[in-house]
Amino acid sequence: MEGARAMTENEFLWHRAPDLVPYPTALAEMEAQARGIRGGTMPERVWLLEHPPTYTAGTSARESDLFNPRGYPTYPAGRGGQWTYHGPGQRVAYAMLDLAKPHGMVPARDLRAYVHTLEEWLIRALARFDVAGERRAERIGVWVVDPATGREEKVAAIGVRVSRWVSWHGVALNVAPDLSDFGGIVPCGISDYGVTSLAKLGRHATMQDVDAALAATWPECFGPIPCARG
């Protein structure tokens, strides 16, 4: 590519979007970043953002699981999984990494370890708010037991895509979204369990608090952040 330069091995971008990012904009930017990472012209990137109210369909999404009474935009996501809601008050973190090389706990070319480590990252970040996030073998994502009801509820979703060993998409942590918006879908195809947030659990964390927890726990899971800006 004319004018492109090769990335040095340690270049990395940690970026927080200041405004809501429309889903199609994010999808196009992620795809371009992944393509640049494969070509050695763009750095790896973690992108923290919020979307306007949106429903996205993974590759296994069923039309019967979409109700959408408020008429929010819906988009095919191209990632794995089923229907997911995104909206204000939810911290989305998109990770664009070259998985052909190791990253902390993740060996090279190990997709299962990558998803497991995304879960671990969220669990460690939640622990900083005294929230015990848990895995479930039969369900992707991070779950908590509501102390008031004893019911298991999902606090964070995971949906990834890997193209020629470059990852994109990522995780969505419910900080303080309007939880009623999840009623417009069957979240991740699972109707037997609810959805929760830090706010519902009584943790009144700001988005900046959550970003700080994610930044602090990333090196524990994926290795040092060589260059953090934005």
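Couple of notes before you dig in:
- Qualifying residues in segment 110-126 (those that are open to solvent by 10 Å² or more (accessible area, probe 1.4 Å) and in contact (Cβ under 8 Å) with a residue 40 or more places away in the chain) - the one farthest from TRP218 (Cα to Cα): LEU111
- Candidates ARG124, ARG128, filtered to the one that is within 27 Å of ASP98 (Cα to Cα) and charged (D, E, K, R): ARG124
- Lone qualifier among ALA17, ALA100, ALA95 - being out of contact with any Gly (no Cβ under 8 Å at 6 or more places or on another chain), under 23 Å from ALA216 (Cα atoms) and not polar (S, T, N, Q): ALA17
- Residue that is nearest to ARG45 (Cα to Cα), among those in segment 150-206 that are among the small types (Gly, Ala, Ser), open to solvent by less than 30 Å² (accessible area, probe 1.4 Å) and more than 14 Å from the chain's Cα centre (by Cα): SER163
- Figure legend. Inter-residue proximity from segment 206-222: first residues within 19 Å of GLY104 (Cβ to Cβ), second residues assigned to a helix (DSSP H, G or I) and open to solvent by 10 Å² or more (accessible area, probe 1.4 Å), beta-carbon distance below 8 Å, spacing 6+ or different chains. Indicated pairs: THR217/ARG124; GLU220/ARG124; CYS221/GLU120; CYS221/ARG124.
- Within segment 60-109, considering residues that are aromatic (Phe, Trp, Tyr) and open to solvent by 60 Å² or more (accessible area, probe 1.4 Å), the one nearest to LEU126 (Cα to Cα): TYR75
- Just one of (1) modelled with pLDDT under 95; (2) assigned to a loop (DSSP other than H, G, I, E, B) fails for ALA108. It is (1).
- So VAL195, is it touching a Phe, Trp or Tyr at 6+ places or on another chain (Cβ under 8 Å) and within 16 Å of ALA95 (Cα to Cα): no
- Of the residues making up segment 11-22, those that are open to solvent by less than 60 Å² (accessible area, probe 1.4 Å) and either β-branched (Val, Ile, Thr) or within 13 Å of ALA93 (Cα to Cα) (or both) are LEU13, TRP14, HIS15, ALA17, VAL21.
The values are calculated or read from the model by the stated rules, or taken from the named source; none is laboratory data. Worth saying up front: this structure is predicted, and the values here are computed from it rather than measured. Every residue, glycine as well, gets a Cβ built from its backbone with ideal geometry; the counts of neighbours run over all protein chains shown. Only protein heavy atoms, including side chains, enter the accessible area calculation; ligands, DNA and RNA are left aside. Shrake-Rupley method; radii C 1.70, N 1.55, O 1.52, S 1.80 Å.
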